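The values are calculated or read from the model by the stated rules, or taken from the named source; none is laboratory data. Since this is a predicted model, take the numbers as computed values, not measurements. Every residue, glycine among them, receives a Cβ derived from its backbone with ideal geometry; neighbour counts consider all protein chains shown.
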Amino acid sequence: LGLADERPRDLEDELAEHVAGRRLLLVIDNCEHVLPAAARLVGRLLRAGPGLRVLTTSREPLGLEGEVVYQLSPLATAEAVSLFRERAQAAMPGFEVTPDNQDVVGRLVRTLDGIPLAIEFAAVRLRALSLEQIVEHLAGAVEVPSPTGYGRPERQQTLRATMRWSHELLSEPERVLWRRLSAFSGGFELEAAQRVAADDELSTSDVLGGVVGLVERSVVVRDPGEASGARPRYRLLEPVRQYGRERLRAAGEEAALRRRHRDWCAGFAAEQAARWWGPGQRQVLEQLDAEHENLRVALAYCQEEADQAAGGLAICADTWFFWHAQRHASEGRRWLTVLLDRAPDPTPRRAAGLTALGAILMLQNDAVLAVPLLEEAEALARRLGEDRTTAQVLGRLAMVAAARRDLERAAATTAEAVAVARRTGHAETLATALSQAARVAIGRRDPERAMILYQECVDLCRDAGERWLRQRALLPLAIAMSDLGDHAGAYRLGSESLRIARDLGDDRMIVWSIEGLAWTRAAEGRGEDAAVLLGAAAAVRGDEPASQYGSDRERTDRCRAAAVAAIGEAAFQRAWDRGAGLDRESALALASGRPVSPARAARRAVESPLSEREREIADLVAEGLSNRDVADRLHISVRTAENHVSHILVKLGLRSRAQLTRWVTLQAAENE
């Protein structure tokens, strides 16, 4: 401002007099270490000069009336990659992000959670280290040193110094909370933080106030992707979490906090298991998806500690439907395999864990490994008097027999499963057994018996507001109706099954539902419609294997033969190709009876580096949908949508949604 500090008057008086009557923009950087004084000065200057505007940077607001806070979020993945490329080229001319290293670069910037200062430090390390070495180093370390540090304040010489400086500015309760929150991975809600972090030293009220304070000081980040009206979700950026974990270890609290975090995860999993049989299944899956990283941390703890494996089995067994419905079967299989090996005692938890692993193996068409596990589970459950587990494992053994075409054994086993399930008085267990028995009846060409069993199953599901099992019963019920000649009723139920599967994001049932609709059309003599639907089912399935059940494969073969007989081989192939050429959204529109956009339908033909799912999301972004809108349209979590969009931008070398929209437009133009 050109003022000399030589007069006897107070300098603040001089500043106030100088700004009075002037239109000025005053920029004050790094206010957090002198926050009270900065707030007092800014308040006085604003009162003295109505034409003054002040821009401050700080880890927390000044708290003045009229203050507008603009939260600077970490960089999105595409922006972070762009910054890394720019700083890496400054450090090592000639560096480029290529198809060979783009995944490593993406992993690096995600590890640093998009923090610009950390990305700059990491980029300079390319002078001495490879990309892989930097990522390996960052996986367990906070220290990312600046090579010289000239021109930077001491607190910015390393990322650790930045963390230490922020830590020193906090009150002692906030420091304690920071280190305890590092037990979480991937985020947390306030209630979870209170359950894990609070004790005699730190009350639940302290945790509430501490979370608010840490958000204001930019140590904790509030998730910007939460839905309107949803409970706020928070997280520590990964370098911040790593520093907190170091402080937790130094305080001697790591073992206790990991145990408390595991206990919270076990309780959370049990709560979601109790809610699963009911109307809130999509919300349950979204909740489990949001806490997936926390479940992984808890299961890793149970795997590492010799006496905690049984607790991990309980978590896996309570969340069996999550591993199944959200397509994490291989991960669930890995956890259960290790935990069962480390918890050999004959307990109800082991029986439930064996049953869950057997179901996952069946899902992966690995009956050879599934059968001995299920047989052990059956023997153990019977010995322990665990009727619910006994009914569950009998039903799954029956499905093994059905897949092997041993339908007589499958029928006898499902009959026993239904009888045991009725004794339990547990609606979900009974409905599951009824569904399995009905499926066997379909395979035995007994549609009348199948309809009776499926109808009871569907009634139980509807009474509870349940949809996941109901969709699995509606489609075979439709098949039974079609076998009895009621093709219109069958198509109606098949379409209902498809709507539920789409709403729950259940890709396996989406494919099966479209195939079921094709079977019905073929039975009606509508060969061309059947061929297009079979092609659409193939488009949605992608590289997934066909059904494990021989009866389903036989129906598809009969469907194809009937369609070819009706319209001829050449016409069938043209119709099938038309369905197979659709993108996923268009295939669903066609199967649901909705109009298919010609432009969208044509885009699949263009050679693209994106997967089918990525192409679908790119199309929705190009239509102007936000990440929240994309999540709602595709029935996935907002975080999953964000990750997809970021990965698409990195894969295509783009920096913004506008550039992605342009790319999609050009792709569409190539098809015209």
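Couple of notes before you dig in:
- Residue match in region 479-499 (condition: of a type in the set (D, E) and over 23 Å from Q326 (Cβ atoms)): yes
The rows are residues; the columns are (1) aliphatic (A, V, I, L, M); (2) outside the structural domain of S646 (by TED's automatic domain parsing); (3) surrounded by 11 or more Cβ atoms within 10 Å (Cβ to Cβ).
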site: L15; (1), (2), (3): yes, yes, yes
site: L24; (1), (2), (3): yes, yes, yes
site: T56; (1), (2), (3): no, yes, yes
site: A91; (1), (2), (3): yes, yes, yes
site: P99; (1), (2), (3): no, yes, no
site: V105; (1), (2), (3): yes, yes, yes
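- Only one of the numbered conditions (1) in contact (Cβ under 8 Å) with a residue 40 or more places away in the chain; (2) out of contact with any strand residue (DSSP E or B) (no Cβ under 9 Å at 6 or more places or on another chain); (3) under 26 Å from D507 (Cβ atoms); (4) in a helix (DSSP H, G or I) is not met by V284, and that is (1).
- Residue in region 66-73 that is surrounded by 17 or more Cβ atoms within 10 Å (Cβ to Cβ) and in contact (Cβ under 8 Å) with a residue 12 or more places away in the chain present: no
- Every pair of residues 6+ apart whose Cβ atoms lie under 9 Å, when the first sits in region 83-104 and is without any contact (Cβ under 8 Å) to a residue 24 or more places away in the chain and under 16 Å from E120 (Cα atoms) while the second is assigned to a loop (DSSP other than H, G, I, E, B) and aliphatic (A, V, I, L, M): R85/V97
This table checks each residue for (1) under 20 Å from E554 (Cβ atoms); (2) of a type in the set (K, R); (3) more than 34 Å from the chain's Cα centre (by Cα).
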position	(1), (2), (3)
A415	no, no, yes
V420	no, no, yes
H426	no, no, no
A441	yes, no, yes
R449	yes, yes, yes
Q455	no, no, no
V458	no, no, no
L469	no, no, no
R472	yes, yes, no
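- Just one of the numbered conditions (1) modelled with pLDDT of 95 or more; (2) over 24 Å from E286 (Cα atoms) is not true of F184: (2).
- Helices (runs of 4 or more DSSP H) enclosed by region 438-542 - at least 2 residues per element that are on the phi < 0 side of the Ramachandran plot and of a type in the set (F, W, Y): 507-524
- Inside region 414-430, residues that are part of a helix (DSSP H, G or I), small (G, A, S) and surrounded by fewer than 24 Cβ atoms within 10 Å (Cβ to Cβ) make up a count of 3.
- Scope region 483-510; condition more than 34 Å from the chain's Cα centre (by Cα) and over 21 Å from A441 (Cβ atoms); matching residues: A488
- Region 461-476, residues that are buried (at least 21 other Cβ atoms within 10 Å of the Cβ) and either outside the structural domain of R508 (by TED's automatic domain parsing) or at pLDDT 90 or above (or both): C461, E466, R467, W468, L469, R470, Q471, A473, L474
- Within region 70-96, being out of contact with any helix residue (DSSP H, G or I) (no Cβ under 9 Å at 6 or more places or on another chain) and assigned to a loop (DSSP other than H, G, I, E, B) holds for Y70, Q71, L72, S73, P93, G94.
- Residue pairs meeting the criteria (Cβ under 6 Å; at least 6 apart or on separate chains; first under 21 Å from V215 (Cα atoms), in region 20-40; second modelled with pLDDT of 80 or more and assigned to a helix (DSSP H, G or I)): C31/A38
- Yes/no for Q272 being in contact with a Leu (Cβ under 8 Å, 6 or more places away or on another chain) and surrounded by fewer than 22 Cβ atoms within 10 Å (Cβ to Cβ): yes
- Residue among A314, A306 that alone is part of a loop (DSSP other than H, G, I, E, B), touching a Lys or Arg at 6+ places or on another chain (Cβ under 8 Å) and on the phi < 0 side of the Ramachandran plot: A306
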